[in-house]
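These notes are about the structure you will find just below.
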Amino acid sequence: MDGGGGPRLGRRAGLTLDPSPINVRDHSGRPLERALRVAIVGVGDRGSVYARHLDDSDGEAVVGAIAEPREAIRKAMGIRYAIPQGAQFADWRDMAVAPRSCDAVVISLRDSEHLEAATAFASAGYDILLEKPMAPTLAECRRIVAAAEKANVWLGVCHVLRYTPYTSLVRSLVEGGAIGDIVNVQHLEPIGFWHFAHSYVRGNWRREATSAPVLLTKSSHDIDWLSYIIGRPATRVSSFGSLLHFRPEHAPGGAAERCLDCAVEDTCAYSAVRIYRKGLTPGLRESSFTAVVAPEYSEDALSDALRNGPYGRCVYGGQNDVADHQVVSIEYAGGITAGFTLTAFSPLENRRTRIFGTKGQITTDGSTVELFDFRSSSTTVHEVASGAASAGEGHAGGDVAMIKAFVRALCDGEPSLFSSDGRTSLTTHEIVFAAEEARLRGEVIGLS
Ligand SMILES: NC(=O)c1ccc[n+]([C@@H]2O[C@H](COP(=O)([O-])OP(=O)(O)OC[C@H]3O[C@@H](n4cnc5c(N)ncnc54)[C@H](O)[C@@H]3O)[C@@H](O)[C@H]2O)c1
């Protein structure tokens with residue numbers, strides 16, 4: 001670590017930190033004058049995860065400022081990370097115009113705020129780690145990348161799946177020639193029936209007009225991951241899919257507007273009462289979802305949320321319009337192909353992938369990577385102990401590894417240590433938007 005007050009990255013000569021804006025200390029009170037100072041804007045679900053991992057970085061990075069309108073959360077985070085009052089903001093806009101006290105900012109606001117925040121923080125000279133998707137429209141994504149390039153700041157996007165141990169293993173097997181040349185890939189995202197109901201029928205990502213298509217909000221990770229593994233530019237894309245099931249005409253007789261009033265709630269797979277009450281038991285998968293529905297995490301708060309909030313509504317109430325199943329076919333340079341399926345209609349499971357090469361096949365579910373070698377007809381099984389691949393469980397080690405890569409890239413002044421930089425991510429977002437266009441127009445869309 002350098003001990004001076006100059007710019008952290010050599011390439012960022014001309015950008016200097018405000019010399020004494022905040023007094024950064026580690027947990028034992030030791031001053032950390034040149035730890036990477038990172039601001040978190042939007043300390044919700046994702047922002048709090050990243051704050052925790054930054055804080056665990058052995059003093060290489062600190063959470064130096066936060067912006068979050070919820071006072072209780074802001075205060076708690078301020079105490080937890082010893083953030084001075086002057087570096088705590090209720091609105092990211094105030095932080096963006098205040099003297100710059102941090103090297104970088106994590107933008108973990110809702111998707112619709114990404115453009116405004118990213119362009120403001122780029123102009124203010126912050127390096128930026130931006131949550132995926134970059135933004136709800138391709139034009140906005142392009143503007144974000146252009147703003148970062150114009151301001152000469154580093155931009156990275158949180159494609160956490162790239163950083164998982166199983167992805168590293170798959171990449172090293174592919175690059176080492178273990179399966180010869182990739183010919184095609186089959187990739188499945190089993191979102192899970194109650195997870196889908198939570199996020200895409202009842203929750204924040206249920207309508208395209210207020211969010212974006214599910215392929216962008218959920219599966220921009222997967223389309224990005226395929227590009228990362230295949231390592232070639234996409235050339236053509238087609239797609240089919242629709243909202244097939246979660247529609248009013250599929251409501252069973254006796255269904256009510258809310259699960260609490262429903263005569264057939266007990267027989268319904270998507271009962272909010274059953275799913276979220278189950279989540280009142282800490283440690284179960286459903287518990288992090290119940291904590292979103294009722295942040296106070298009590299029986300009373302949950303009953304109130306089910307009675308009055310969006311998560312208590314019948315899944316057949318018609319409040320949603322995003323597709324509940326979709327397939328995407330992608331052709332890459334050299335004629336390699338990939339088929340991607342997303343579905344609501346599965347248990348909540350890890351993604352499943354088969355990579356077919358000229359000399360062998362890789363099969364992975366994110367916790368095991370199996371290599372089948374054609375010549376010897378033998379299978380080698382690699383266990384990857386990194387946990388489940390859902391957001392609530394750290395994306396199979398991807399969250400923590402991505403933050404490590406981010407800290408290393410900025411501390412070492414070596415951007416290549418972080419593979420999902422803004423321009424790379426823009427390219428994979430372009431595939432997503434082309435796939436949506438293909439689905440809506442019923443055409444094959446070419447990518448230049
Ligand atoms: N990388 C992944 O796998 C992954 C997973 C889930 C969500 N996401 C993305 O992460 C982002 C955040 O999602 P989330 O689930 O954490 O949402 P969230 O709603 O939990 O968090 C957003 C936070 O922003 C805060 N906020 C709102 N207005 C603000 C303002 N003016 N100034 C400062 N803060 C403000 C909210 O109070 C909230 O705490 C979204 O873009 C989402 O699509 C990514």
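Between Arg277 and Asp373, what is the label-to-label distance in nm when each label sits 7 Å out along the Cα-to-Cβ direction?
Label at Arg277, label at Asp373, 5.5 nm between them.
For the chain, what does the helix formula give at 222 nm: sum of -39500 (n - 2.57) over DSSP H segments with n ≥ 4, over the residue count, nearest 500 deg cm²/dmol? Write out the running numbers ahead of the final one.
Values: 14 runs with 139 residues, N = 448.
Result for the chain: -9000 deg cm²/dmol, rounded to the nearest 500.
Could you derive backbone 3J(HN,Hα) for region 56-70 from the dihedral phi with the Karplus parameters 6.51, -1.76 and 1.60 (θ = phi - 60°), listing whole Hz in sequence and x where the residue is Gly or Pro?
Once rounded to whole Hz, the list reads 8, 8, 6, x, 6, 9, 9, 7, x, 7, 9, 10, 6, x, 6.
Where a ≥ b ≥ c are the square roots of the eigenvalues of the C-alpha gyration tensor, would you call region 207-301 rounded, which needs a/c under 1.5, or, failing that, prolate if a/b is larger than b/c, or oblate? Working shown, then result.
Working: a/c = 3.01, a/b = 1.64, b/c = 1.84.
Oblate, since a/c reaches 1.5 and b/c is not below a/b.
Can you tell me which of Val160, Val38, Val97 moves the most in a GNM of the chain? Springs connect C-alpha atoms under 10 Å apart.
With Cα springs under 10 Å in the chain, the top fluctuation among Val160, Val38, Val97 is at Val97.
Taking the chain as a Gaussian network, where each spring joins two C-alpha atoms under 10 Å apart, which residue of Gly231, Gly64, Gly254 fluctuates the most?
In this elastic network of the chain, the residue with the biggest mean-square fluctuation among Gly231, Gly64, Gly254 is Gly254.
Viscosity 1.567 mPa s, temperature 4 °C: give me the Stokes-Einstein translational D for region 393-448 in µm²/s, with Rh taken as the Kirkwood radius over C-alpha pairs. Kindly include the intermediate steps, with their values, before the conclusion.
Working: Rh = 13.5 Å.
Reported coefficient: 96 µm²/s.
Take the Cβ-Cβ distance between Arg307 and Asn152 as r, set R0 to 41 Å, and report the resulting FRET efficiency rounded to the nearest 0.05.
Numbers: r = 52 Å, r/R0 = 1.26.
E between Arg307 and Asn152, to the nearest 0.05, is 0.20.
As a footprinting exposure proxy, order Val174, Val41 by other Cβ within 10 Å, with the fewest listed first. It would help to have the intermediate numbers written out before the result.
Details: Val174 19, Val41 26.
Lowest to highest Cβ neighbour count: Val174, Val41.
Rounded, prolate or oblate: which fits region 100-195 when a ≥ b ≥ c are the square roots of the eigenvalues of the alpha-carbon gyration tensor, with rounded for a/c under 1.5 and prolate only if a/b beats b/c?
On the way: a/c = 2.40, a/b = 1.76, b/c = 1.36.
Verdict is prolate for region 100-195.
Answer with one residue from Pro282, Val170, Phe345: the one whose Cα lies farthest towards the positive end of the charge dipole of the chain, charges on Cβ with Lys, Arg +1 and Asp, Glu -1.
The one lying farthest along the dipole's positive direction is Val170.
Using the membrane-span-like helix rule (whole DSSP H runs, Cα extent along the own axis of at least 18 Å, mean Kyte-Doolittle hydropathy at least -1.0), which helices of the chain qualify? Don't jump to the answer; show the numbers that get you there.
On the way: long enough: 138-151 (20 Å, 0.29); 398-411 (19 Å, 1.21); 422-441 (28 Å, -0.30).
Flagged H segments are 138-151, 398-411, 422-441.
Output the relative contact order of the chain, whole-number percent, from Cα pairs under 8 angstrom with separation of 6+ residues.
Numbers: 922 pairs, mean separation 86.3, N = 448.
Worked out over the chain, it gives 19 percent.
When N counts the residues of the chain, how does its alpha-carbon radius of gyration compare numerically with 2.2 N^0.38 Å, as a ratio? Each step should come with its number before you reach the end.
Working: Rg = 22.6 Å, N = 448, 2.2 N^0.38 = 22.4 Å.
After normalising by residue count via 2.2 N^0.38 Å, the value is 1.01.
Once label points are set 7 Å from the Cα along Cα→Cβ at both Lys75 and Glu443, what is their separation, rounded to one decimal in nm?
5.7 nm
Say R0 is 25 Å: what FRET efficiency, to the nearest 0.05, do Val264 and Asn204 get from their beta-carbon distance? If you can, show how the numbers build up before the last one.
On the way: r = 27 Å, r/R0 = 1.07.
Taking R0 as 25 Å, the efficiency between Val264 and Asn204 is 0.40.
Could you calculate the contour length gain from Glu175 to Ala256, that is, 0.36 nm times the residue separation minus the distance between their Cα atoms, to one decimal place in nm? Before the final figure, lay out the partial values.
Working: separation 81, 0.36 × 81 = 29.16 nm, distance 5.45 nm.
Full extension from Glu175 to Ala256 adds 23.7 nm.
Rounded if a/c is under 1.5, else prolate if a/b beats b/c, else oblate: with a ≥ b ≥ c from the C-alpha gyration tensor eigenvalues square-rooted, which is region 158-279? Before the final figure, lay out each step's value.
On the way: a/c = 2.95, a/b = 2.31, b/c = 1.28.
Prolate.
Can you tell me which of His395, His221, His382 moves the most in a GNM of the chain? Springs connect C-alpha atoms under 10 Å apart.
Judging by the Gaussian network model, the answer is His382.
A short reminder: the numbers here are calculations on the coordinates, not readings from a lab. Here the structure is a predicted model, which is why all the values come from computation and not from measurement. A quick note on method: Cβ atoms are made from the backbone with ideal geometry, for glycine too, and the neighbour counts reach across all protein chains shown.
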